[in-house]
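The next block holds one structure in the form of C-alpha cells; read it before the comments.
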Amino acid sequence: MEIPSENISLKSLQPQEKKISKGLSESLETKKYRLKKATKEFESFFMLHMLKAMRKTIPQSEMFNGGLGQDMYTSMFDEELSRKVAGSSPNSLSEILYKSLEKHLEATAPDVIPGTKKGTEVPTSIAETRRMETNKFNQAVSSPKVTKPVEKEEPKPALPVERVTQPKPKITSDPILKEFGLTIDKASRKYDVDSRLIYSVIVAESGGKPDAVSPKGAKGLMQLIDSTAVEMGVADSLNPHENIVGGTKYLRQLLDRYDGNLKLTLAAYNAGPGTVSKYNGVPPYSETRQYIENVLGRLHSAKKP
C-alpha cells in the first residue's frame, strides 16, 4: 500500500532525538528536553555508584553466595533501579539540577527558531509546506501592486543660498578667565552665584594666583583659611578648581545669611561674619571698606566668563 506524500509528517520522519543529533531542531523546548534527559542520566549514574558503595559495606553471606551470575544480575538490578529512581521525586537531584539550569537556558535562548524571522510560520509537514506556498501565490495574484503614475513636478525657483556661519568660540586675553573661566562658570551654575562676582573676588583676594598664601594663612585664589576650607569640603586649598568651588559655596552661604546684601556679604568674606555681627553692619576698617569698593567696582565692569 502506498502512502500519499501529503500525509507524511516531517516530525514523523525525524524523531526528536534524531533531529537533535542532526541539529535540525534547536528550539527552547528541544533544549529543555535535552537538559532534562541529561540531568536524569546524571542522577541515575550517581545513584548507581551510591548503590555499589552501599553494597560493599554489607558483609556477604556464604549461604547466598551465587558467584559471578549473582554479581551480574545484582549489577543489572542496580542499573535498572537507578533509572527508575532518577527523576521520580519533585525534590530529586535531577529535578533540582534541571530547575536551576532551566532559568539560565530560558535567559540565553533566542526568541525565535534559528534561521527564521520573528513571527515566521514554520511548516511541520509536506502538505503544510505546499499549503503555505499556495497561499503566498494566491495572495500575490489577488493583490497586484498598483503603481501610481509619476507626476512631474514643476521646477521650483532656486532659493538664494545663505552662508551659515558657525559661532566663534570666545577668546579672552584675561589670564584668569582663560585658565579658570570654565571652573568659575561651573561653580556659578552650581551655587547660583553671579560669575562676575566670583571673578571680582578672585582678583581682589589673590590677583588670580592659585598658590597665593597670606600672612594669616589664607590660601588659594579666593584666600580660604583652613577652617573655612574644611567647612566647605575643600581637601586641598591650593588646588585652584577645588578652591574656587569652595569659595563660591561660602559666598552663597553669606548671600543667604544677609538676604543678598552684597556689602554685608563682602564685609563678612573679608573680615568674618563675627565682625559684621559685632558692629551690626560693615565694620569701620579701612581695609574692609576698600575691599568692598574694589570688588563692587570691578563687578560692574567685569564681563561674564
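Summary table below
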| read-out | value |
| --- | --- |
| Residue that is surrounded by the fewest Cβ atoms within 10 Å (Cβ to Cβ), among those in region 200-228 that are touching a Lys or Arg at 6+ places or on another chain (Cβ under 8 Å) and assigned to a helix (DSSP H, G or I) | Asp226 |
| Every pair of residues 6+ apart whose Cβ atoms lie under 7 Å, when the first sits in region 278-293 and is free of Cβ contacts under 8 Å to residues at least 12 places away in the same chain while the second is in a helix (DSSP H, G or I) | none |
| Among residues of region 229-287, those that are part of a helix (DSSP H, G or I), over 47 Å from the mean Cα position of the chain (by Cα) and surrounded by fewer than 16 Cβ atoms within 10 Å (Cβ to Cβ), counted | 7 |
| Single match in Leu262, Leu254 (criterion: touching a residue at least 24 places away in the same chain (Cβ under 8 Å) and of a type outside the set (Gly, Ala, Ser)) | Leu262 |
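Every read-out reported here was derived from the displayed coordinates using simple, explicitly stated rules and does not represent laboratory data. Note that the coordinates shown come from a computational prediction; the quantities given were computed from them, not determined experimentally. Virtual Cβ from ideal backbone geometry, glycine too; neighbours counted across all protein chains shown.
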